[in-house]
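Novice: The structure's right below; bear with me while I get my questions together.
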Protein chains: 2
Amino acid sequence: MRYSTFFPKARKQEFKEDLSTNAILLTKGGFIDQLMAGSYTLLPLGFRVVENIKNIIREELNAEGAQELLMPLLHPREIWDQTGRWSDPEVQKIMYQFKDVHRREYGLSFTHEEIVMNLLSKFVKSYKDLPVAVYHFSTKFRNEPRAKSGILRTREFFMKDLYSAHATEADMADYYNKIKDAYIRVFKRIGFPEVKVVEAAGGVFTDKKSHEFQIVSDVGEDEILFCDRKDKCECKFAQNKEIYKGLPDNKCPGCSDGCLIKSARAIEVGNIFPLGTKYSEAQKVFYTDEGGEQKPIWFASYGIGPTRVIGALVEVFHDERGIIWPKSVAPFQVYLISLDGKSINTEAQKVYETLNENNIEVLWDDRDTSAGEKFANADLLGFPYRLVVSEKSGDKIELKKREEGKEELLEASQVISKINEG
Amino acid sequence: MRYSTFFPKARKQEFKEDLSTNAILLTKGGFIDQLMAGSYTLLPLGFRVVENIKNIIREELNAEGAQELLMPLLHPREIWDQTGRWSDPEVQKIMYQFKDVHRREYGLSFTHEEIVMNLLSKFVKSYKDLPVAVYHFSTKFRNEPRAKSGILRTREFFMKDLYSAHATEADMADYYNKIKDAYIRVFKRIGFPEVKVVEAAGGVFTDKKSHEFQIVSDVGEDEILFCDRKDKCECKFAQNKEIYKGLPDNKCPGCSDGCLIKSARAIEVGNIFPLGTKYSEAQKVFYTDEGGEQKPIWFASYGIGPTRVIGALVEVFHDERGIIWPKSVAPFQVYLISLDGKSINTEAQKVYETLNENNIEVLWDDRDTSAGEKFANADLLGFPYRLVVSEKSGDKIELKKREEGKEELLEASQVISKINEG
């Protein structure tokens, strides 16, 4: 696409210094726009990043046999009453609940356990109908008292939630572990150098322990404690501070070879809950087992917040000039800059077309503006490759990777292979 | 995918006869599930149809330079107050409005004109920043007093809404006509034999006339009047009954060669509104023109409801046995049936893999159930092709198109080319 007709352009104004890095860079670059406190529009650039993240999640979940659907956001009180969560003071703090003009009561979705259980009750009769794993990408609402600038904690956000239903605890545990591994693959493919799988409390979802997927970052709201592994130690101990009960001398509770515990701030980008039979018993969703007996369904739920993932990515991948998107989720692979006027534009047009023909996504800064502004914008938007066509580059193309300082002069065909090879 | 592990299976129960055909067939087939009156989950089969419809819309809108984004669903009252629509009694009838625990007032989105205008106010300063065309697919809420069974009129639905902003009325009119043509292409590609472009009132959106895209169907809620064209008459006169002022003797007001007016019930699947400067003036969104003067932005909005489109498709394309999906939007192209036990299953497995390798989407009914049930299910779900592998078919495959009665015995390679050729 051409940046001259792209909506919107990057913003030039300066921002208050107390804003988080992700809020400043994403807002300046034109990835997001704040509608009100805790609520953002995903602008075309941000939307493209989310779509890339969604596709990675989709591929990994489909590979585990999960099926995509779309559930409603407006929930009738009656279904939430079945588990008692409607009236749970902790739920009422975060769930928007209201009456319509006919005094019917509704809640806005912040999660879908009750709704999935209601759906399963209509289709799951026998052990032959299990297991079931369904997910959707949809909007969540949370009456967030701590809404902060940026997209790490908002009142309305985009989320993938997966629910799995099983005949036995063993089958649930097995699938739970498969999804745990799938999540690790998802975050790796998205580009995070490391994701910590952390034991945590179950919150308003379950009395059992859950697992969080945490990205270490100073702006994270969570504090996590994990094994500061020595060589050869394979310990995976990691807990959220909420549940951590330390040992004397800061020793790691997970291993016996004298490792110590380390602490860090972290951003939670995903969480998974082994819910057991709490929901099926409360909502009376039973199946008939092979012996003809009625049994409650075993249930688990799994969330990833793609918008929050974007915030975490920007916190991890940026420098003083702007964002540095990993290739796998970048909104475009190439920021193409043409300088020095009309004759060059013809050259740039050719490069632009060649990239498009090779299915390399390119945003061409074809504006009639200064070289300095175009270079600064390339760094702010942070696509993996910057290409420059100018009088200086002659019949070649100047290529620079966003994360490296080095420029190279290359033929068009070399540019294509360089980008395709990563 | 394999039907044995697919969620959910078709339902066997009978439905009340007063339900609409789309409600019955989509519910029985497992395309949708009702959560409460006027609210449905799109189950995996229904979700796949919606995704196919979305892709067609996306391609046609992107070709007209529109850009995809995602806007919030929870709107602050203040922005809706700028146009006065928050307090408009007609709006209050359909918009869910509520206060949170801090007495802040929110509305749930049924449309986004005010929100888009608010967004444009931050980015559009000069005529150089125009035109802008942005759209999203998102959930809409409507406090619908007439919620009916099926997905034609619901309280929560999925919608594509596009908004365009222009420097001049002429530019707006030009783009409005382009999108009108794009919509005609969309509905043609989706598979409707004809879509009527009908003049209508602007409702709560504008005092100007709008255009509706109507599919003739007895279950439609609208009555439309249109020229019953004679040979060679090119008249496109069509109006919603709401605004129709007839001529004596039932003459068509649009042409002078004696055509008459015909009336029909129809389902509205899209609508477009030339909004003019009503919103930009009320919300004070001005741009600086080439002469340095401040001018209000010209604005238009355009909607298509993919879930309602599905309902209309089923009303138009069905017979007494089930749905007949057009190829372009069918959830799978092939319903593969294997009969006669295990040795056949090996054959069927080969066919299944060949289809997948050729990127032909196939649902394989590999259940241990009767031939009659499988055939009935193939007809109910209505994919374009039914393939049967059985002892009778030998080393060939029996192919039947859903909309034709005729069966053919073919080699695998012939099956592939037949399906690819359409």
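Novice: Return yes when A:GLU290 is among the acidic types (Asp, Glu) and under 16 Å from the mean Cα position of the chain (by Cα) and no when it is not.
Specialist: no
Novice: While we're on this one: Just checking, how many residues over region A:118-128 are closer than 17 Å to A:GLU68 by Cα and more than 8 Å from chain B (Cβ to nearest Cβ)?
Specialist: 1
Novice: Next up: On the given criteria, is B:GLY372 exposed (fewer than 13 other Cβ atoms within 10 Å of the Cβ), at pLDDT 95 or above and farther than 20 Å from A:GLN67 by Cα?
Specialist: Yes; evaluated as a whole, the condition is true for this residue.
Novice: Same structure, new question: Among residues belonging to region A:242-257 that are part of a loop (DSSP other than H, G, I, E, B) and out of contact with any Asp or Glu (no Cβ under 9 Å at 6 or more places or on another chain), point out the one that is surrounded by the fewest Cβ atoms within 10 Å (Cβ to Cβ).
Specialist: Going through the qualifying residues, I end up with A:LYS245.
Novice: Go through B:ARG85, B:ARG103 for me and flag whichever is more than 15 Å from B:ASP161 (Cβ to Cβ) and modelled with pLDDT under 95.
Specialist: From the options B:ARG85, B:ARG103, the qualifying one is B:ARG103.
Novice: Another question, if that's okay. I'm trying to understand the selection: among the residues of region A:37-73, which are touching a residue at least 40 places away in the same chain (Cβ under 8 Å), at the interface with chain B (Cβ under 10 Å from one of its Cβ atoms) and of a type in the set (A, V, I, L, M)?
Specialist: Residues satisfying the conditions are A:ALA37, A:LEU42, A:LEU45, A:VAL50, A:ALA66, A:LEU69, A:LEU70, A:MET71, A:LEU73.
Novice: Of the numbered conditions (1) touching a helix residue (DSSP H, G or I) at 6+ places or on another chain (Cβ under 9 Å); (2) surrounded by 14 or more Cβ atoms within 10 Å (Cβ to Cβ), B:CYS227 satisfies every one except a single condition; which is it?
Specialist: B:CYS227 satisfies all of (1) touching a helix residue (DSSP H, G or I) at 6+ places or on another chain (Cβ under 9 Å); (2) surrounded by 14 or more Cβ atoms within 10 Å (Cβ to Cβ) except (1).
Novice: Which condition number does B:VAL351 fail, the rest of (1) within 18 Å of B:ILE324 (Cβ to Cβ); (2) part of a helix (DSSP H, G or I) being met?
Specialist: (1)
Novice: Step by step: first the residues of region A:17-36, then only those that are buried (at least 20 other Cβ atoms within 10 Å of the Cβ) and among the small types (Gly, Ala, Ser), then the one that is nearest to the other protein chains (Cβ to nearest Cβ). Which residue is that?
Specialist: Per the stated criteria, the residue is A:GLY30.
Novice: Contact list please: Cβ distance under 6 Å, first residue in region B:118-134 and under 15 Å from B:GLU281 (Cα atoms), second residue surrounded by 16 or more Cβ atoms within 10 Å (Cβ to Cβ) and small (Gly, Ala, Ser), pairs at least six apart or on different chains.
Specialist: Filtered contacts from region B:118-134: B:LEU120/B:ALA165.
Novice: Can you tell me which of A:THR307, A:THR354 is hydroxyl-bearing (Ser, Thr, Tyr) and not assigned by TED's automatic domain parsing to the domain that holds A:TYR163?
Specialist: On the way: A:THR307 fails: not assigned by TED's automatic domain parsing to the domain that holds A:TYR163.
That would be A:THR354, the only listed residue that is hydroxyl-bearing (Ser, Thr, Tyr) and not assigned by TED's automatic domain parsing to the domain that holds A:TYR163.
Novice: So A:HIS136 fits all but one of (1) within 10 Å of another protein chain (Cβ to nearest Cβ); (2) closer than 25 Å to B:HIS136 by Cα; (3) in contact with a helix residue (DSSP H, G or I) (Cβ under 7 Å, 6 or more places away or on another chain); what number is the exception?
Specialist: Here A:HIS136 meets the rest and fails (3).
Novice: A:VAL116 versus (1) outside any strand (DSSP E or B); (2) under 27 Å from A:ILE224 (Cβ atoms): which is the lone unmet condition?
Specialist: (2)
Novice: Scan A:GLY276, A:GLY220 and give me the residue that is modelled with pLDDT of 90 or more, of a type outside the set (Lys, Arg), surrounded by fewer than 22 Cβ atoms within 10 Å (Cβ to Cβ) and within 19 Å of A:ASN177 (Cβ to Cβ).
Specialist: Testing whether each residue is modelled with pLDDT of 90 or more, of a type outside the set (Lys, Arg), surrounded by fewer than 22 Cβ atoms within 10 Å (Cβ to Cβ) and within 19 Å of A:ASN177 (Cβ to Cβ) leaves just A:GLY276.
Novice: Yes or no: B:GLU68 in the same structural domain as B:MET172 (by TED's automatic domain parsing), modelled with pLDDT of 95 or more and in contact with a His (Cβ under 9 Å, 6 or more places away or on another chain)?
Specialist: yes
Novice: Scan B:GLU60, B:GLU144 and give me the residue that is assigned by TED's automatic domain parsing to the domain that holds B:GLU169, modelled with pLDDT under 95 and touching a Lys or Arg at 6+ places or on another chain (Cβ under 7 Å).
Specialist: Matching residue, one of B:GLU60, B:GLU144: B:GLU144.
Conditions tested, residue by residue: (1) free of Cβ contacts under 8 Å to residues at least 60 places away in the same chain; (2) over 23 Å from B:ASN22 (Cβ atoms); (3) touching a helix residue (DSSP H, G or I) at 6+ places or on another chain (Cβ under 8 Å).
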{"position": "B:PHE332", "(1), (2), (3)": "no, no, yes"}
{"position": "B:SER343", "(1), (2), (3)": "yes, yes, no"}
{"position": "B:GLN349", "(1), (2), (3)": "yes, yes, no"}
{"position": "B:ILE360", "(1), (2), (3)": "no, yes, yes"}
{"position": "B:ASP365", "(1), (2), (3)": "no, yes, yes"}
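Novice: Related question: Six or more apart or on different chains, Cβ under 8 Å: which pairs go from a residue in region B:394-422 that's closer than 19 Å to B:HIS318 by Cα to one that's part of a helix (DSSP H, G or I)? Could you list them?
Specialist: Close Cβ pairs satisfying both conditions: B:ARG402/B:ALA378; B:ARG402/B:ASP379.
Novice: Do we have A:ASP319 as surrounded by fewer than 15 Cβ atoms within 10 Å (Cβ to Cβ) and either of a type in the set (Phe, Trp, Tyr) or over 29 Å from the mean Cα position of the chain (by Cα) (or both) here?
Specialist: no
Novice: From B:PHE98, B:PHE15, grab the single residue that is among the hydrophobic types (A, V, I, L, M, F, W, C) and part of a strand (DSSP E or B).
Specialist: Only one candidate passes the filter, namely B:PHE98.
Novice: How many residues does region A:167-208 contain that are in contact with a Leu (Cβ under 6 Å, 6 or more places away or on another chain) and either more than 30 Å from A:LYS122 (Cβ to Cβ) or at pLDDT 95 or above (or both)?
Specialist: Selection size over region A:167-208: 1.
Novice: Something else about it: Across region A:74-87, which residue is farthest from the other protein chains (Cβ to nearest Cβ) among those that are among the polar types (S, T, N, Q) and either under 13 Å from A:ARG104 (Cβ atoms) or in contact (Cβ under 8 Å) with a residue 60 or more places away in the chain (or both)?
Specialist: Among them, the one singled out is A:THR83.
Novice: Say we look at region A:203-224 and pick out the residues that are within 15 Å of the chain's Cα centre (by Cα) and assigned to a strand (DSSP E or B); which of these is nearest to A:GLY191 (Cα to Cα)?
Specialist: Result: A:ILE215.
Novice: Just need a number here: residues in region A:94-117 that are within 8 Å of chain B (Cβ to nearest Cβ) and out of contact with any strand residue (DSSP E or B) (no Cβ under 7 Å at 6 or more places or on another chain).
Specialist: 1
Novice: So A:GLU14 clears everything in (1) more than 7 Å from every other protein chain (Cβ to nearest Cβ); (2) in contact (Cβ under 8 Å) with a residue 12 or more places away in the chain; (3) out of contact with any helix residue (DSSP H, G or I) (no Cβ under 8 Å at 6 or more places or on another chain) except one condition, right? Which one?
Specialist: (2)
Novice: Just name the residue that is farthest from A:ASN177 (Cα to Cα) out of those in region A:225-237 that are in a strand (DSSP E or B) and in contact with a Cys (Cβ under 7 Å, 6 or more places away or on another chain). Reasoning before the result, please.
Specialist: Taking region A:225-237 and keeping what is in a strand (DSSP E or B), we get A:225-228.
Okay, now just the ones that are also in contact with a Cys (Cβ under 7 Å, 6 or more places away or on another chain), so A:227-228.
Details: A:CYS227: 21, A:ASP228: 24 Å.
It comes out as A:ASP228.
Novice: Spot the failing condition for B:CYS233; the list is (1) crowded, with 23+ Cβ neighbours inside 10 Å; (2) at pLDDT below 95, and only one is missed.
Specialist: Failed condition: (1).
Novice: Oh, and also: Which of the following residues is in contact with a Leu (Cβ under 7 Å, 6 or more places away or on another chain) and small (Gly, Ala, Ser): B:SER393, B:SER370, B:SER343, B:SER338?
Specialist: The match here is B:SER393.
The values are calculated or read from the model by the stated rules, or taken from the named source; none is laboratory data. All values derive from a computational prediction rather than experimental measurement. When we count neighbours, we look across all protein chains shown, and the Cβ atoms used for this are built from the backbone with ideal geometry, even at glycine.
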